[in-house]
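The values are calculated or read from the model by the stated rules, or taken from the named source; none is laboratory data. Here the structure is a predicted model, which is why all the values come from computation and not from measurement. Neighbour counts run over all protein chains shown; Cβ positions are idealised from the backbone, glycine included.
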Amino acid sequence: MATVNKKFRVLIVDDSAFMRKVLETIFNADEMLQTVGHAKDGREAVSLSESLKPDVITMDINMPHVDGLQATAEIMTTNPRPIVIVSSESKEGAASTLRALELGAIEFVAKPSGAIDLDMQSVKEELLRKVRMAAKVRVVRTASRIASKLQSSNGTKAPAPAPAISRPAPSSGLDQRFPVVVLAASTGGPATVMRIAPGFTQDFPAAVILVQHMPAAFTTQYAAQLAEFTGIRVKEAEANEALQPGTFYICPGGQHLRVTPTGRIQLDGTSGRINGYLPNIDVTMESVAAFAGSLSIAGVLTGMGNDGTNGAKAIKSAGGLVLAQDEATSVIFGMPAEAIKAGAVEQVLGIDDIYAAIEKRVLGICRPTPAGVR
């Protein structure tokens, strides 16, 4: 008798009955997916997530009573399930989608504007790929602390930034170089970075570059939202600006970022995907290794694929430090695993230990050795 493949069970959450029907038709026609329930608002989503225990949830954002953002926070805090956001691609939709990703949603698919049935068919393959992938993910209960911060930013007093560290003057002989940290992330990255970012302060004596696989429409908003939760200056990187310590640069979506030998940011939006990635993390890390040498630090975080492995090898070869997120706290243990397998990683750490390791290395570089101490 032929073996019957187990189908992944999908809960659809959307306030539009027509959209729920369209999504159900798409999922039930796929050999790997089966719709097991529908919810018309976030309140029903939380309840059905608990009772049905689906393998994956597709979540709309704008819904009555309890919206998708509140539902995502509740589910990821109390009963974690893989969530794929299926919502508007407008500016407001992008902001809410990013919040949901920071709360632990795995992926997102932008609803095209126009005729729902016809246009959803245009993103059908992307939707199916991401829902199938998310259904296989072992989610981590990470939302509670982030949820309280997001609630603070939406009406009450925001949390105080972390206390500043005093910035020691760089020791002589560094040829005006300073430490440069590259954080590399893909699937699961926004929630992971939210665990690291609050540690950085306005006086952090290194430049930080985040390369997150993310579309162009999202990174400007991502920079603005991330800035609410950290004391360091956060901005989307701009072409030809000089890299500076105390600044957290986000690589613009749809562009590759390089650091020139003179320490300026170079953006490339014409080369298309490099080895399948846009932005490409290896490109950034390799240029940072050439610029900062032994003062470079890489953090390879959660994500699918092997982007960052060659860049991590370049940073290690230059005498820099390479850290990787461990499997237990990674949403997808792809990128960190590949860097580890390549022998490029010095320390494998849980997400809550990565900032401390970065800070220790940076301060060790910047703090001159006292006279008489060897």
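In the set TYR355, TYR249, which member is assigned to a helix (DSSP H, G or I) and crowded, with 16+ Cβ neighbours inside 10 Å? Being assigned to a helix (DSSP H, G or I) and crowded, with 16+ Cβ neighbours inside 10 Å holds for just one of TYR355, TYR249, which is TYR355. Would the range 211-224 turn up any residue that is under 26 Å from ILE75 (Cα atoms), among the β-branched types (Val, Ile, Thr) and modelled with pLDDT under 90? So far as the range 211-224 goes, no, none of its residues is under 26 Å from ILE75 (Cα atoms), among the β-branched types (Val, Ile, Thr) and modelled with pLDDT under 90. For THR78, the conditions (1) exposed (fewer than 15 other Cβ atoms within 10 Å of the Cβ); (2) under 19 Å from ILE12 (Cβ atoms); (3) at pLDDT 80 or above all hold with the exception of (2).
Cβ-Cβ distances below 6 Å connect the following pairs, each with a first residue in the range 57-72 that is within 16 Å of VAL10 (Cβ to Cβ), a second residue that is buried (at least 24 other Cβ atoms within 10 Å of the Cβ) and of a type in the set (D, E, K, R), and a separation of six or more residues or different chains: ILE57/ARG81; ASP60/ASP14; GLY68/ASP60. Only one of the numbered conditions (1) under 24 Å from ARG177 (Cβ atoms); (2) without any contact (Cβ under 8 Å) to a residue 60 or more places away in the chain is not met by GLY246, and that is (2). Would you mind finding the one in ALA344, ALA298 that is closer than 24 Å to LEU243 by Cα and at pLDDT 95 or above? None of the other options fit; the residue is ALA298. It is to be established whether one or more residues within the range 31-41 are in the same structural domain as LEU128 (by TED's automatic domain parsing), modelled with pLDDT of 95 or more, in contact with a helix residue (DSSP H, G or I) (Cβ under 7 Å, 6 or more places away or on another chain) and over 25 Å from THR78 (Cα atoms). There is at least one residue in the range 31-41 that is in the same structural domain as LEU128 (by TED's automatic domain parsing), modelled with pLDDT of 95 or more, in contact with a helix residue (DSSP H, G or I) (Cβ under 7 Å, 6 or more places away or on another chain) and over 25 Å from THR78 (Cα atoms).
Figure legend. Inter-residue proximity from the range 6-30: first residues over 16 Å from ILE57 (Cβ atoms) and touching a residue at least 40 places away in the same chain (Cβ under 8 Å), second residues surrounded by fewer than 17 Cβ atoms within 10 Å (Cβ to Cβ) and of a type in the set (D, E, K, R), beta-carbon distance below 7 Å, spacing 6+ or different chains. Indicated pairs: VAL22/ASP117.
Count of the range 310-331 residues, restricted to those that are buried (at least 24 other Cβ atoms within 10 Å of the Cβ) and either in the same structural domain as ALA135 (by TED's automatic domain parsing) or over 28 Å from CYS366 (Cβ atoms) (or both), is 2. Checked against the criteria, THR302 does not count as in contact (Cβ under 8 Å) with a residue 60 or more places away in the chain, among the β-branched types (Val, Ile, Thr) and in contact with a Cys (Cβ under 7 Å, 6 or more places away or on another chain).
Can you find even one residue in the range 269-287 that is crowded, with 16+ Cβ neighbours inside 10 Å, in the same structural domain as ILE232 (by TED's automatic domain parsing) and over 28 Å from GLU107 (Cα atoms)? Checked against the condition, which is being crowded, with 16+ Cβ neighbours inside 10 Å, in the same structural domain as ILE232 (by TED's automatic domain parsing) and over 28 Å from GLU107 (Cα atoms), the range 269-287 yields at least one hit.
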